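Heads up: the structure comes next, in structure tokens.
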Amino acid sequence: MAGKEGKEVLAKNTDKAFADGAFGLPWFVATNSKGETEGFWGIDHIAQVTNHLGIDKPKTGGWKAVL
């Protein structure tokens, strides 16, 4: 997207991020199976996102690392 349409999408997404509490990048909003929604900031919180979502780390193979 470019031009006016792209700027409108960017403005809309930025407004939503601020409404969700974003204050840095990357910003993740995750809703788990219980319907609980939480925001996470920073790549170093990926493990917290997976915990919030109830994703178990594979016992063998699978993920190389979760910070």
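The values are calculated or read from the model by the stated rules, or taken from the named source; none is laboratory data. Computed from a predicted model, the values in this text were never measured in an experiment. Counting neighbours? That spans all protein chains shown, and the Cβs are built from the backbone with ideal geometry, glycine included. The area values use the complete protein model at the heavy-atom level, side chains included, leaving out ligands, DNA and RNA. Shrake-Rupley method; radii C 1.70, N 1.55, O 1.52, S 1.80 Å.
Within the range 48-65, which residues are open to solvent by 80 Å² or more (accessible area, probe 1.4 Å) and either in contact with a Gly (Cβ under 8 Å, 6 or more places away or on another chain) or assigned to a helix (DSSP H, G or I) (or both)? Hits for the range 48-65 are GLN48, ASN51.
Looking only at the range 1-47, residues that are over 30 Å from LYS57 (Cβ atoms) and part of a loop (DSSP other than H, G, I, E, B) come to 2 in all. Residues that are closer than 26 Å to ILE55 by Cα, surrounded by 11 or more Cβ atoms within 10 Å (Cβ to Cβ) and of a type in the set (A, V, I, L, M, F, W, C) within the range 1-42 comprise ALA17, ALA22, TRP27, PHE28, VAL29, ALA30, PHE40, TRP41, listed in sequence order.
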